[in-house]
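Colleague: Let me begin by handing over the structure; questions about it come next.
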Amino acid sequence: MAPSFDNENSLFNFAVRDGNGVKGIVDSGISTVPPAYIQPQAEQIDKKNASICEMHPIDLSKLGGPDHDEVVNQIVTAAETLGFFQVINHGVPVELLESLKQTAHNFFGLPAERKAVYRKEVSPSPLVHYGTSFLPEKERALEWKDYISMSYTNDDEALQQWPVECRDDALQYLKTSHELVRKLIKALLGNLGVELDDSNIDTFIEKKTVNMNFYPTCPNPELTVGVGRHSDIGTLTVLLQDGIGGLYVKVPEEVDTEKKGEWVEIPPIPGALVINIGDTLQILSNGRYKSAEHRVRTTSTKSRVSIPLFAGPEPTQKVAPLPQAVEKDGAARYREFVMLDYIKSFFENPHDGKKTLEFVKINSA
């Protein structure tokens, strides 16, 4: 028998505290979106009036060859404008990407009690967190998403503590993406005049986390969001999306284009990975590179998965605009801070665009 959600509190307990998530609500047989998930009209995504991002994917196999400078320029231009781009020939096996998507579906298809073991309040490992929405206790409207988050420290702890159902593919994804992330950091920071070696490249990407996101089918996708407006807080995010689509990016207001301020959809490209600039890289570049404000729409036709890899500094690392960027601009636009303080600011508030950047921004008189 389907559970009776006679009020928002009972639905909240079923979805959040009992570990059933949005998938459990959908599986219960609902025919309309529960009120707790209906977003304010300003936050709803109008798919019919959104345009498609027409940026061609960047071929990373050309780095180091005759077209090296041209490819670096493509990466830099994307980072300075949209903060999002797609890459092909990236070095991560396509077979692994296909396996990852199936692994994510398999994990979220597990019984609720198997997933609930990893709820934040009871998880046997501080490295693993299963949840739904982003910050359910504080959000005005819940997000139509379930997720499992796996933080990386070393291979042994990942193999011991990550869920057995998805650890092997997730770890392989993290490890095979490492060189891709390093190449992108080298291109982007090298463009700022920063001389890099292996050790100081890794300083910017040492902390890594793999998430698996699950967006169940939604009876009224126009009323909900899978993820609300936000930018990622790390340096770079590598995202695998499936073929369903639903990822939207906001064109920054300061970019000189007719679409500035509009939301554009990032279409899935088979075999490609999506790269987005995080807040940390915007700060390091003193604002030259733009962290991408993005959000996710749900669908009524098929459940969707995405698998982001977040790479950024360790929580104890101090972060500030790079001297080379400040020298060129004449003044720092962001103050120095400890990464942990930035992380706390982000995770203590519901998604609200790029508001976390205000935490470290220097307001000029």
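Colleague: Is it true that some residue in the stretch 109-118 is among the hydrophobic types (A, V, I, L, M, F, W, C) and in contact with a Leu (Cβ under 9 Å, 6 or more places away or on another chain)?
Modeller: Within the stretch 109-118, not a single residue is among the hydrophobic types (A, V, I, L, M, F, W, C) and in contact with a Leu (Cβ under 9 Å, 6 or more places away or on another chain).
Colleague: Which ones in the stretch 196-234 are among the polar types (S, T, N, Q) and assigned to a loop (DSSP other than H, G, I, E, B)? Steps first, answer last, please.
Modeller: Filtering the stretch 196-234 down to residues among the polar types (S, T, N, Q) leaves 199-200, 203, 209, 211, 213, 217, 220, 224, 231.
Correct list: Thr217, Asn220, Thr224, Ser231.
Colleague: Which residue is farthest from Asn73 (Cα to Cα), if the candidates are limited to the stretch 137-173 and must be part of a helix (DSSP H, G or I) and open to solvent by less than 10 Å² (accessible area, probe 1.4 Å)?
Modeller: Ranking the qualifying residues of the stretch 137-173, first place goes to Ala158.
Colleague: Count, please, the residues in the stretch 273-300 that happen to be over 16 Å from the mean Cα position of the chain (by Cα), buried (at least 21 other Cβ atoms within 10 Å of the Cβ) and among the small types (Gly, Ala, Ser).
Modeller: Here is the first cut: in the stretch 273-300, the ones over 16 Å from the mean Cα position of the chain (by Cα) are 283-289, 299-300.
With the extra rule that they be buried (at least 21 other Cβ atoms within 10 Å of the Cβ), the set shrinks to 283-286, 289.
Now narrow it down to the ones that are among the small types (Gly, Ala, Ser): 285.
Final tally of qualifying residues: 1.
Colleague: For the stretch 47-58, how many residues meet the condition of being more than 30 Å from Asn89 (Cβ to Cβ) and exposed (fewer than 10 other Cβ atoms within 10 Å of the Cβ)?
Modeller: Looking only at that region, the number is 2.
Colleague: Next up: Name the residues in the stretch 294-314 that are out of contact with any Phe, Trp or Tyr (no Cβ under 9 Å at 6 or more places or on another chain) and either under 22 Å from Thr356 (Cα atoms) or charged (D, E, K, R) (or both), would you?
Modeller: Matches in the stretch 294-314: Lys302, Pro308, Phe310, Glu314.
Colleague: Identify, from the list Lys318, Lys259, Lys354, the residue that is without any contact (Cβ under 8 Å) to a residue 24 or more places away in the chain and open to solvent by 20 Å² or more (accessible area, probe 1.4 Å). Give the steps one after another, and end with the answer.
Modeller: Working: Lys259 fails: without any contact (Cβ under 8 Å) to a residue 24 or more places away in the chain; Lys354 fails: without any contact (Cβ under 8 Å) to a residue 24 or more places away in the chain.
When all the criteria are applied, what remains is Lys318.
Colleague: Mind listing whichever residues of the stretch 321-351 are assigned to a helix (DSSP H, G or I), open to solvent by 80 Å² or more (accessible area, probe 1.4 Å) and closer than 29 Å to Lys145 by Cβ?
Modeller: Lys344, Phe347
Colleague: Does Thr237 meet the test of being at negative phi, outside any strand (DSSP E or B) and in contact (Cβ under 8 Å) with a residue 60 or more places away in the chain? Explain how you work it out, then say what you get.
Modeller: Working: at negative phi: yes; outside any strand (DSSP E or B): no; in contact (Cβ under 8 Å) with a residue 60 or more places away in the chain: yes.
So Thr237 does not fit the description; no.
Colleague: What number of residues within the stretch 124-136 satisfy the criterion of being under 22 Å from Pro350 (Cβ atoms) and buried (at least 17 other Cβ atoms within 10 Å of the Cβ)?
Modeller: Of the residues in that region, 6 qualify.
Colleague: Looking at this structure, is Ala36 open to solvent by less than 30 Å² (accessible area, probe 1.4 Å), part of a helix (DSSP H, G or I), modelled with pLDDT of 85 or more and within 29 Å of Phe107 (Cα to Cα)?
Modeller: yes
Colleague: Which of the residues that make up the stretch 80-99 are closer than 26 Å to Val305 by Cβ and not in a loop (DSSP other than H, G, I, E, B)?
Modeller: Phe84, Phe85, Gln86, Val87, Ile88, Val94, Glu95, Leu96, Leu97, Glu98, Ser99 - these are the residues of the stretch 80-99 that are closer than 26 Å to Val305 by Cβ and not in a loop (DSSP other than H, G, I, E, B).
Colleague: From Glu222, Glu206, Glu195, grab the single residue that is in contact (Cβ under 8 Å) with a residue 12 or more places away in the chain, open to solvent by 30 Å² or more (accessible area, probe 1.4 Å), over 25 Å from Ala112 (Cα atoms) and out of contact with any Lys or Arg (no Cβ under 9 Å at 6 or more places or on another chain).
Modeller: Only one candidate passes the filter, namely Glu206.
Colleague: Go through (1) part of a strand (DSSP E or B); (2) more than 25 Å from His129 (Cβ to Cβ); (3) of a type in the set (Ser, Thr, Tyr) one by one and return the number of the condition Ser300 breaks.
Modeller: If we test Ser300 against (1) part of a strand (DSSP E or B); (2) more than 25 Å from His129 (Cβ to Cβ); (3) of a type in the set (Ser, Thr, Tyr), just (1) comes out false.
The values are calculated or read from the model by the stated rules, or taken from the named source; none is laboratory data. Predicted, not measured: the structure shown is a model, and the values here were computed from it. With ideal geometry, Cβ positions are generated from the backbone for all residues, glycine too; neighbour counts draw on all protein chains shown. Side chains included, ligands, DNA and RNA excluded: accessible areas come from the protein's heavy atoms. Shrake-Rupley method; radii C 1.70, N 1.55, O 1.52, S 1.80 Å.
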